[in-house]
Structures are given as structure tokens and as C-alpha cells.
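Notes for the one structure printed next.
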Amino acid sequence: MESKCKIGCLALVAAMSLVVVTRPGMAGIKDAESASHGADASQYQVVETYKFTGYELVQVNLPVLSHYSYFLISEGKTLVVDPGRDVQFYVDLIKEKGLSVAGIFLTHSHADFVAGHTEMVKLFGCPIYQSAKSGAKYKIEAIADGVTLQVGKAVVEFLDTPGHVLDGTSATVGPTKDSPELILTGDFLFVGGVGRPDLVTGTTSSALAGMLYDTWAAKVSKLPDSVKVFPAHGAGSLCGAHLKDQPFSTIGEERTSNPTLQHKNRSEFITAVLSELQEPPQYFGHNAAMNRDGPPLVDWQEAVSKVAAQAELTDASKYYVVDLRDSKSFAAGHVPNSVNIGLRGRFETWTGIMAPWGSNMVVCGSADELIEAAHRLHRIGYTTRGLNFEDWTKAAMPLLKNTLVSPKELYARMQSNTSPMIVDVRLPNEWMGLRIGTVLNLPLNKLSELSSKLDVSQPVVAVCNSAYRSSMAIGILERKGFKNATSLEGGSEAWIEAGLPVYGAEKGTTAAASTQIRRMIPLPERICARELKRLMMDLPGTFHIVDIRPAEMFADYSLPNSQNVDIAELASNPAFLVGMTPLIIVDRDGSYAMALGGILSQKTQRPIKVLYEGLESYWMESDFSGVSTPQVTTPQIRTTPPAVSPSPAAPSGTQPITRKKSAGC
């Protein structure tokens, strides 16, 4: 018991250290852009080579699309799984390792990128293994549930796994059919999430969500807990919700920690999946169709077609000009009515979201930027022409300029009657989780239409986390006729770095004073054991209890219907900041819960309560004699709050115990 206690406490300390070293408020920012702004994020990268019995799996990541592809290698042969369209990386690795290509395995017709199957067939003359239900218009080796393929010493068994799409196919791999060691799940199952079921026309999302449930319950969940799960996407992908930033998992981990899979009832599972759906990017449907038809081959050496500097390019009804430079360069001067989608970010995804499919697109930047942009746009099926920005300036063509607003300048202006309209262009859950004051939320993908709510003559300052999206917003607003649109320089990250308060600022209060007030006043409320018991008996469904102890301690003893949440996840996930019902944090003795409650109280107006002296106090103050003892509940480890706070009534299946157990560390 002592060793288990030490391990539990060390785990808590390690988790807390992730929070303590973070500046106040920064943990609430979860920006998919920030993780993909590096110069190498647009390049394919080997994540790891995993060794198995007689074979190995090479995992490849393309960070800007959160796309995982794979080489299954054994005895000099390889099966390439879900390759991207620009296949040179795959070709180089195949040559480097001296491999022969046994085939291409497509888990389904992907919607978020154009696959490289036709490119690979051209180069290697290999077969394409794909579901017989795919509707592919090119030659395939049709596979169905239970079909096997031998790749060297590796036995691949294909599994029909509909739910994300009708033709979804996974594949187990092992030394024999009956001893699987891994499963390639495509978009059916992710680390921490499941595939979205709303991308197939002609089939209802609820029907596909039901297939997700049935496939998991009747087939995939039957695999051994030790089987490693390798999906087609990681965190940042728009193909699912709750995706974790880790390259693989296991069936056992997903069984116990994947929030969607915790819904044991089919109806609740379907409801949970449908409630998490955001509108898919408009290019998804076009990419899926291209993949089914067989993407046209690309001449990757072809030069970018250039357009001359001409005033007609400023006509938003004729051209969609995408400025590839960074936000500061864009603000210093840009082609009127152009939209800034920087190359140093998720360029492919944002272009697919913002630029209408089939639009007369022109990319604008340096000569090298034009080449890179044209190459990367082929990944999502777009073609483009290029405008060298230097040619535009040399021709003395018109420029629009914006003066970016520094955090301190914007804060000062917010205290006066001349404050500009501040528009937060992040998603609603990001905006609710952390914001810089009383600001209007108009998500970027809806900004063009929602901007009709605003006066085009009024100054507007766009805000996001890192200024990547807010810089994009400038061009969108200018295309709608706004004359004075700009962006918060550095975004919310720079705002917090400057020590400025979040959730608004009182008039007449300096930034330093406001920061001091924020540190002193927003503290969690302490709730004693007796009061918590009264709440549980008298006011069920009016609060949400989270238990931050390690999972093994939670399994040993927990309050009825409390939710086990990792301490670092609770500190960093903005979903826990949303709502008006109290969030009650419990731990062993109240120490870590109070520290975490203090952090959360500075980021949300949601009532935060902490169980005073923790579960030790709750236990000691409870009258347990004979069998009147706490209920042992099945642990439910979840990473996001439920849509509705659970009732504290004891769940069915609980069992009384006849002796006291410690509350754990």
C-alpha cells in the first residue's frame, strides 16, 4: 500500500508540475495552428519504427494535415498504407531500404486529403487493396471482412469497420491470423476519439454513428487489450473529436479512456457522437470524390503558371488571391481583397476551408513560396497560379496596409468610449474557454456571412490565439467592404505574455492592478464533506464532480457518479471551463484540488468548488458502520465533461463493502 501511495503521489506531482510552470491562462489555449508553424511541419516525417514479431511498422506523419501513413515491412516487402498524394518521400524510403512494394492499402476514400494511390501504381505497378464497397472507379483488389494478405512473415487480416464511412476498412497484423499485435484503424478509431459520421451523402449521420457503435461493440472491442492501435490521423485533424496528441494507443487504453467509447448504451453513444460534430470543411466532399474516381496524376516538376500584376486581381468577384506571407508582412502591404493564409501553418486545411472549390485562385508571395504553395495545394486537390509580390510592388499597383494593434495598446483602448469592435474569430468552445474581455465571437469559417452584423465603417480588431487566423480575418473583412480592419499582434498568447487580464477588464483599472485583482479575488470556494453530502442527496443533477486522483485510486474508492479526470487534462482543457453548474474538484486531502481550483478560477466564471480536506475528510465524517459503507463504482476515466452533469444517485451495479478503504493518494 505504501509503494502504491508513493507512486500515486509522484504521478500527481509530475502532473501538477506541468501546470505550475505554465503562465496563468496559457494552459487554456489549445491552438492547432501553434503546433504546426514550424518550417518542417509541411514535410513528411518518420515518427517511429515499431518492431513486432517478424515484421516492423514505420509510422509517417504529415503535421500540417495531422495525417499518419504507414509502411508495413517484412522480408524486403512493404505494404504502404494510406499514402499522401505527393509520394516522393515514400519513393525515397522504399529505395533507401531496398524494398519491393507488395501493394497499397487504402482504409477508405479519405476526405481531408488526396491520396497517392494512383501515383504509386504508376511508379511501382502494385495492386491497391480496398473495400469492395468503396465504389472505386480504378482497378482494385477488392477486399472484404476476414480476407487475409501475407506480407513476408506478417499476416494482415482486413476487417469491415463502417461508421466513419460505409467502406471503412481496418486491418489487424500479427505473426498469425489468431495472434494480432496491432490494428490499422484508418478513420474508424483514433487515439481518444472516433471518426465523424457526417461525411457520406445519402446516408444519415445517426445511421453511420450506429454502425460505429455496432462495429466497436461486436468486433473491434473483442481484440486483446494489448493490441496497438495505429490510426490515420492525430490531434488537429478535423476527421474526429477528442483526438490526443500521441501516435498510437492500445485497445485496452481506448476501452478505458476514450470518452466516446465510455457510452455503453447505443443511443447515448450515437447522441454523444452527433453532439460533437462541427461543420466539415467544404473541400472534404470534393476530395472524397477525387479519391473514389482516382486522382489525376500530377507533373510535380511543372513550373507554377504566373499571372501578371494587373488591377483586375483586386476584384473579389473574379479572383481569390491568397497571400502566403506572415501576418506582419501582410499588414505592411498586400494586394487589396487578398486573404492571408500563411504557409507557416495549416495552409492546406485553411485554404480548403476558406477558398471556394473551383474558384479562380492566385497565390501571392516570393518565388519560393509560390512553388511550395502549388505543391502543397495538390495535396487537397487545388490548382493555382502564382503572383510574385515583388512584381506587384514594382508595377506600383495599389496596396492595402493595416496597423497591427499591440496587446497593451488594445487594452488601453478597451478602457475608453472609443474602443474598436473586437471580434474573436476562434471556435465557440475556444472563445468560451478563455477570452480577453467582452468580445464578439464570429468564427472564422462563418465570418464572411456573420460580418453583416457589423458596421463596415466601424474599426474592427480581430483576435485569435496566435494571430494566424486573425490575420486571415483582415482580408475576409476587407472583401466585405470594411475600411478599418486589423488584428491583435501576437494574439491571445501575446496578450497573456504581457500580463494582461482575461475575461474582461474594469474601466479605470490599470493592467497591473487588474492582474493583481485577478490573483486575489477569483479563488475556488471550499465545500465541506457534510455540505457535499447534502448536495448529493437534495440537489442531484445540479453540479459536476471531478476526481483528480490516479485511476487506480479512483477504482479503489470514489464518490458515486464522480468522473475521473487526469489533473493535467483538467487544467488544460477549456471544455471544463464552460457552464453555469458548479464544478467540484476532489482529491485525497484537498491540497492539489485547491491548487488546481485556483488556476481554473482565474480562467472562468463557472463556479469552482473544492472538497475541503478531500476524500479523507469525507470518509471520516461519514457514518459507516456494518455494511453502511461507501459504494465502489466502476471507474469512468474521461477527458471531457459530459453534456449534462450526472445525477449523484448511486449507479446500478454498485456493491457495498464491509470494511473501510483508504481514499488513496
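A few notes on this one:
- Within the stretch 218-251, being touching a residue at least 12 places away in the same chain (Cβ under 8 Å) and over 22 Å from the mean Cα position of the chain (by Cα) holds for Lys219, Val220, Ser221, Leu223, Pro224, Asp225, Ser226, Val227.
- Residues satisfying the stated conditions in the stretch 309-349, i.e. closer than 20 Å to Phe482 by Cβ, part of a helix (DSSP H, G or I) and in contact with a Gly (Cβ under 9 Å, 6 or more places away or on another chain): Ser327, Phe330
- Leu166 vs. criteria under 19 Å from Phe113 (Cα atoms) and buried (at least 24 other Cβ atoms within 10 Å of the Cβ): no
- Filter result (farther than 26 Å from Ser179 by Cβ and among the β-branched types (Val, Ile, Thr)) within the stretch 121-165: Val121, Ile128, Ile140, Val165
- Per-region count, the stretch 104-128, residues surrounded by 24 or more Cβ atoms within 10 Å (Cβ to Cβ) and part of a strand (DSSP E or B): 3
- In the stretch 334-351, the condition of being at pLDDT 95 or above, hydrophobic (A, V, I, L, M, F, W, C), touching a Pro at 6+ places or on another chain (Cβ under 9 Å) and more than 30 Å from Gln130 (Cα to Cα) is met by at least one residue.
- Residue satisfying condition, being modelled with pLDDT of 95 or more and buried (at least 17 other Cβ atoms within 10 Å of the Cβ), within set Ala288, Ala235: Ala288
- Residues in the stretch 355-368 that are outside any helix (DSSP H, G or I) and out of contact with any strand residue (DSSP E or B) (no Cβ under 9 Å at 6 or more places or on another chain): 2 in all.
- Residue in the stretch 464-479 that is over 23 Å from Met432 (Cα atoms) and not in a helix (DSSP H, G or I) present: no
- Test: residue in the stretch 423-439 that is of a type in the set (Gly, Ala, Ser), under 23 Å from Leu400 (Cβ atoms) and at pLDDT below 95: no
- Qualifying residue in the stretch 303-314 (condition: over 30 Å from Leu123 (Cα atoms), in contact with a helix residue (DSSP H, G or I) (Cβ under 6 Å, 6 or more places away or on another chain) and of a type in the set (Asp, Glu)): no
Here's the yes/no breakdown for (1) more than 28 Å from Lys51 (Cβ to Cβ); (2) part of a strand (DSSP E or B); (3) not assigned by TED's automatic domain parsing to the domain that holds Arg255:
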| site | (1), (2), (3) |
| --- | --- |
| Gly146 | no, no, no |
| Gln150 | no, yes, no |
| Phe158 | no, yes, no |
| Gly163 | yes, no, no |
| Ala171 | no, yes, no |
| Asp214 | yes, no, no |
| Ala217 | yes, no, no |
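- Output for the stretch 245-255, where each listed residue is assigned to a helix (DSSP H, G or I) and surrounded by fewer than 18 Cβ atoms within 10 Å (Cβ to Cβ): Gly252, Arg255
- Given (1) over 25 Å from Gly333 (Cα atoms); (2) modelled with pLDDT under 95, number of the condition Arg379 does not satisfy: (2)
- From the options Val273, Val200, Val229, residue that is outside any helix (DSSP H, G or I), β-branched (Val, Ile, Thr) and under 30 Å from Ala355 (Cα atoms): Val200
- Those residues of the stretch 368-420 which are within 18 Å of Met354 (Cβ to Cβ) and of a type in the set (Val, Ile, Thr), in sequence order: Ile380, Thr383, Thr384
- Qualifying residue in the stretch 313-320 (condition: over 34 Å from the mean Cα position of the chain (by Cα) and either surrounded by 15 or more Cβ atoms within 10 Å (Cβ to Cβ) or polar (S, T, N, Q) (or both)): yes
- Check on Ala142, in a strand (DSSP E or B), under 29 Å from Phe52 (Cα atoms), of a type in the set (A, V, I, L, M) and free of Cβ contacts under 8 Å to residues at least 40 places away in the same chain: yes
- Any hit, the stretch 328-337, residues being buried (at least 22 other Cβ atoms within 10 Å of the Cβ), closer than 29 Å to Val87 by Cα and either in contact (Cβ under 8 Å) with a residue 40 or more places away in the chain or under 27 Å from the mean Cα position of the chain (by Cα) (or both): no
- Within the stretch 61-86, residues that are at positive phi sit with their Cβ atoms under 9 Å from residues that are in a loop (DSSP other than H, G, I, E, B) and among the charged types (D, E, K, R), at 6+ positions apart or across chains, in these pairs: Ser66/Asp112; Ser66/Arg346; Glu75/Lys153.
- Any hit, the stretch 261-269, residues being in contact with an Asp or Glu (Cβ under 9 Å, 6 or more places away or on another chain), buried (at least 19 other Cβ atoms within 10 Å of the Cβ) and closer than 23 Å to Val64 by Cα: no
- Residue check for Gly352: out of contact with any strand residue (DSSP E or B) (no Cβ under 9 Å at 6 or more places or on another chain), crowded, with 22+ Cβ neighbours inside 10 Å and outside any loop (DSSP other than H, G, I, E, B): yes
The values are calculated or read from the model by the stated rules, or taken from the named source; none is laboratory data. Keep in mind it's a predicted model, so treat the numbers as computed, not measured. For neighbour counting, all protein chains shown are included, and Cβ atoms are generated from backbone atoms with ideal geometry for every residue, glycine included.
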